[in-house]
There are 2 protein chains.
Amino acid sequence: MNTEEVANKVVELVRKQAWYEALDTLYDDNIVSVEAYSMGGGSPETHGKEGVRGKVDWWVNAMEVHSFDAKGPFVGHDRFVVQYDADVSDKKTKERRRMSEVGVYTVKNGKIVREEFLPSAS
Amino acid sequence: MNTEEVANKVVELVRKQAWYEALDTLYDDNIVSVEAYSMGGGSPETHGKEGVRGKVDWWVNAMEVHSFDAKGPFVGHDRFVVQYDADVSDKKTKERRRMSEVGVYTVKNGKIVREEFLPSAS
């Protein structure tokens, strides 16, 4: 798949909240996943597909998703961006919040090799 | 300025369409500016502040801007993203169109060293 095809597939799967299907079909084994902030003071970078699977497991277990919208994709050469607006509750604390962020993805040989999430600062 | 301060300043200046002020105050001399598509078959990359000034000159001379909205910024470590929705007319052909794209910016030592524009593919 070229960059635009991968990008469209990400948007399609995210809208279905098909996180594991996205991981298994679109991600390179050596994916580097970068958060703006690290959880618990660790590294903001996660390396490898199994590391990202751990992040997906955490997300699915921790969050009740009321809505998850994806806008885009915005597509360049080997890079694309998707803008997300989510409405979620922490299952444990019941705290509900809206999240607005973008994902910046880099594609190589038809697979996502890097993803970086940037939260809205506005 | 840190990444978030540069990002907020970009949004502020773009909303005022203060392109030259943005260039002169926020851009590194060795800026690399990347378009998704090259104009006229040339390189999609422009190197250096004076090259980018040429792009701004072209834009200001060619386009009548009816509206130019900026959403964001979305801010990470050394990177930020702004989403643009513009309504413009080509001054020569009078063709009017809506443009939706994101800019992905990289900041180093308080200056923008790289910008990359990705048009909406949806």
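The values are calculated or read from the model by the stated rules, or taken from the named source; none is laboratory data. Nothing here was measured: the structure is a model prediction, and the numbers come from that model. Here the Cβ positions follow ideal geometry from the backbone for every residue, glycine too, while neighbour counts run over all protein chains shown. Note: areas computed on protein heavy atoms with side chains; ligands, DNA, RNA excluded. Shrake-Rupley method; radii C 1.70, N 1.55, O 1.52, S 1.80 Å.
Odds and ends about this structure:
- Subset of B:K49/B:K92; A:K49/A:K108; A:K111/B:K108 violating a 21 Å alpha-carbon distance limit: B:K49/B:K92; A:K111/B:K108
- Carbon + sulfur, % of accessible area of segment A:70-122 - ligands and nucleic acids excluded, 1.4 Å: 46
- Residue-count net charge about A:R15 - beta-carbon cut-off 13 Å; Lys, Arg +1, Asp, Glu -1: -1
- With N the number of residues in segment A:37-122, Rg(Cα) / (2.2 N^0.38 Å) evaluates to 1.18.
- On Cα atoms only, tilt of B:49-62 relative to the major axis of chain B in degrees: 30
- Positions from segment B:63-77 whose accessible area shrinks by 10 Å² or more when the full protein complex is built, not the chain alone, probe 1.4 Å: B:K71, B:G72, B:P73, B:F74, B:V75, B:G76, B:H77
- Rounded to the nearest 20 debye, the dipole magnitude of the protein assembly as shown is 400 debye, with +1 charges on Lys and Arg beta carbons, -1 on Asp and Glu beta carbons, and the Cα centre as origin.
- For the chain pair A and B, buried accessible area totals roughly 2100 Å², probe 1.4 Å, rounded to the nearest 100.
- Average accessible area per residue (Å²) across the protein assembly as shown - probe 1.4 Å, nucleic acids and ligands excluded: 51
- For chain A, the relative contact order is 28 percent, taking Cα pairs closer than 8 Å that sit 6 or more residues apart in sequence and dividing their mean separation by the residue count.
- Ratio Rg/Rh [Cα only; Rh per Kirkwood] for segment A:1-77: 0.97
- Segment B:72-122 shape via C-alpha gyration tensor axes, a/c threshold 1.5: prolate
- The Kirkwood radius of the protein assembly as shown, taken over pairs of alpha-carbon atoms, gives through the Stokes-Einstein law at 4 °C and 1.567 mPa s a diffusion coefficient of 68 µm² s⁻¹.
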